[in-house]
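First up is the structure itself, then whatever we jot down about it.
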Amino acid sequence: MSPLNLGTYAANTWCPGCGNFAILNAIKTVLSELNAEGVPLENIVLVSGIGCHAKIVDYLNVNSFYSLHGRVTPAAEGIKLAKPGIKVIGFAGDGDAYGEGLEHLIFAAKRNIDITMIIHNNRVYGLTTGQYTPTSPLGFKGRSTPGGTKELPLNPLELMLASGASFLARGTSHGAELLKQVFKAAILHKGFSLVDVLQVCFTYFNMYEYYDKHVYELKGHDPQDRQQALSKIREWDYNADSPIALGVFYKKEIPTFEQNFLGREKKAAETDAKINAFLKASS
Ligand code: SF4
Ligand code: MG
């Protein structure tokens, strides 16, 4: 299947130059590849929230669910638990995931539920015309902070690592090849995976030049090593000159929530059956 076959009739209303196009193109390629490798498209469900990012599900001819603001993660978790065999991919903005929906993200990481979250982290509320978000830099001037923000940004990957996420990666909207690689690796990972994409909002926070100067791809990094992952995640300390690593920071195979949850259910049912059989035999 060519990536074009995943398109829809919906007119694209993203601004010219928006970093969302790179995410859309990368995910189209990855879904096409997965399909060619034997994953039926009907076994994939996309979930989005509220914000510019959310329109991505309008542009992909795949089963999808538009959730509420900040509620991409619980909607994705519910779908996964109802049908554990399918792949669930959540798309959320930085405001959506790291602001309104932060507690959901923490608990999904903690329980290692097998869903993939792709965060369109443009570090601004784009749809509502430029307010600051949890990842906007100190001093960011937007509609709600004309004098500049007075607070430091959150490091979402550090928070996710501390919360128990078993796969963490970062990409940018100027790195199509890397985006494809990390999206595919995240989707194939068994457990909670999150890709933080430095997706540039061309209209309200154009960081293309800044990122192009500061990003580099991780080489010789061992993603199994939690300490190494933490030090690479902390390397970008939001100072103007600090380097920004891209790629897979952390990956660990641990039991997923569904395995624990459904495994226990199965064991409980087997025990019930044994007790019932014993009671029947002795009555
Ligand atoms: Fe993209 Fe920003 Fe335009 Fe939204 S406002 S479509 S994030 S460039
Ligand atoms: Mg945003």
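Structural remarks
- Overall, the ratio between the Cα radius of gyration of region 1-62 and 2.2 N^0.38 Å, rounded to two decimals, is 1.11.
- Computed over the chain, relative contact order equals 17 percent, with contacts defined as Cα pairs under 8 Å that lie 6+ residues apart.
- Between helix 176-188 and the chain there is an angle of about 20 degrees, using the helix long axis and the longest principal axis of the Cα atoms.
- Farthest toward the positive end of the dipole of the chain, out of Gln224, Leu194, Gly78, is the Cα of Gly78, where the dipole comes from beta carbon charges about the Cα centre.
- Here the simple spin-label model places points 7 Å from the Cα toward Cβ, and for Glu151 and Thr13 these points are separated by 3.0 nm.
- Between Asn239 and Ala277, the contour length at 0.36 nm per residue exceeds the alpha carbon distance by 7.0 nm.
- Highest-fluctuation residue, Asp196, Asp114, Asp237 considered, GNM on the chain with Cα pairs under 10 Å: Asp237
- Percent of beta bridges antiparallel (DSSP, the chain, rounded to nearest 5): 20 percent
- The modelled label-to-label distance for the pair Ser144/Asn260, using points 7 Å beyond Cα in the direction of Cβ, is 3.4 nm.
- One chain, two ends: Phe65 and Asn206. Fully extended at 0.36 nm per residue, the span grows by 47.8 nm beyond their Cα-Cα distance.
- From the largest down, region 79-188 spans 49, 31, 24 angstrom on the principal axes of its Cα atoms.
- Note on His53: accessible area approximately 10 square angstrom, rounded to 10, probe 1.4 Å, nucleic acids and ligands left out.
- Per-atom-type breakdown for the chain gives carbon and sulfur 57% of the accessible area (1.4 Å probe, protein chains only).
- The heavy atoms of Thr128 offer some 70 square angstrom of accessible surface to a 1.4 angstrom probe.
- Only the Cβ atoms of Lys and Arg (+1) and of Asp and Glu (-1) were treated as charged; on that basis the dipole of the chain about its Cα centre amounts to roughly 520 debye.
- Over the C-alpha atoms of region 3-252, the Rg to Rh ratio, Rh being the Kirkwood estimate, stands at 0.94.
- Protein heavy-atom accessible surface, 1.4 Å probe, per residue over the chain: 46 Å².
- Stokes-Einstein translational diffusion, region 100-160 - Kirkwood Rh over all Cα pairs, 1.567 mPa s, 4 °C, in µm²/s: 100 µm²/s
- Placing a pseudo-label 7 Å from each Cα along the Cα-to-Cβ vector at Ala176 and Ala82 gives an inter-label distance of 3.6 nm.
The values are calculated or read from the model by the stated rules, or taken from the named source; none is laboratory data. Bear in mind the structure is a predicted one, so any value in this text is a computation, not a measurement. Virtual Cβ from ideal backbone geometry, glycine too; neighbours counted across all protein chains shown. Keep in mind that these areas ignore ligands, DNA and RNA; they rest on the heavy atoms of the full protein, side chains included. Shrake-Rupley method; radii C 1.70, N 1.55, O 1.52, S 1.80 Å.
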